[in-house]
Amino acid sequence: MALPNDASVVEILREAVKLKSKKDKVALLSQYTNRKDMMYIMKGVYDSNIEWLLPKGELPPETNYNNVSGPDLADDRLIRVYKNLRYLVKGGADNMSPSKREKVFLDMIESLWVEEAKLLVSVKDKKLPYKLTQEVLHEAYPEWVPAKKKSKSGSVSK
């Protein structure tokens, strides 16, 4: 399936997961190297210099996820609000109080399509909730996702 240029990061990652070969996954993902929202997501998970200043784990049960049927029907989209992620990491707005930072995050979460919101919740915990290997992501986005390093024992790590 051909995705539009403004497809959500969730739609792109889901489509990549459906593909069988590594080559096809990399080819699809590589089409979106110009997307800053994709860069923020990949770096948010894989860049060891990025430290999220938010509590780990799930959001409070009273969080109002936007359960519309797709990203275009939500109040906002990740492709437009990704720049606000800088307020949620160390070095972005260090003088912001933790409660204000959490409010900014929750407001963002509640404005996004539920699937984009859940992606952000995973990203703040340095996880990508899609079955795509770091090797595939590194090949598609070598500037954003580091290669896995082999340890002395021969095992591979981030």
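Every number here is computed from the coordinates shown, using simple stated rules; none is lab data. Quantities reported herein were computed from a predicted structural model and do not represent experimental measurements. Glycine gets a Cβ as well: all are built from the backbone with ideal geometry, and neighbour counts include every protein chain shown.
Quick notes on this one:
- In a fully extended conformation the segment linking Asn5 and Asp94 would gain 28.7 nm over its present Cα-Cα distance, using 0.36 nm per residue.
- Sparse-neighbour loop sites [GluC sites (Glu not before Pro); region 113-144; at most 14 other C-beta within 10 Å; DSSP]: Glu143
- Asp107 paired with Asp47, simple spin-label distance in nm, labels 7 Å along Cα-to-beta-carbon: 2.3
- Stokes-Einstein diffusion for the chain at 20 °C, viscosity 1.002 mPa s, with a Kirkwood radius from C-alpha pairs, works out to 130 µm²/s.
- FRET efficiency estimate (nearest 0.05) - Cβ-Cβ, Asp24 to Asp75, R0 41 angstrom: 0.75
- Under a 5 Å amide H cut-off, with hydrogens placed 1.01 Å from N, Val89 pairs with Leu53 among residues at least 5 apart or on other chains.
- Local electrostatic count at Asp94 - Lys and Arg +1, Asp and Glu -1, tallied over other residues with Cβ under 14 Å: +3
- Under the simplified labelling scheme, the Tyr87-Lys56 pair shows an inter-label distance of 2.6 nm, with each label point 7 Å from Cα along Cα→Cβ.
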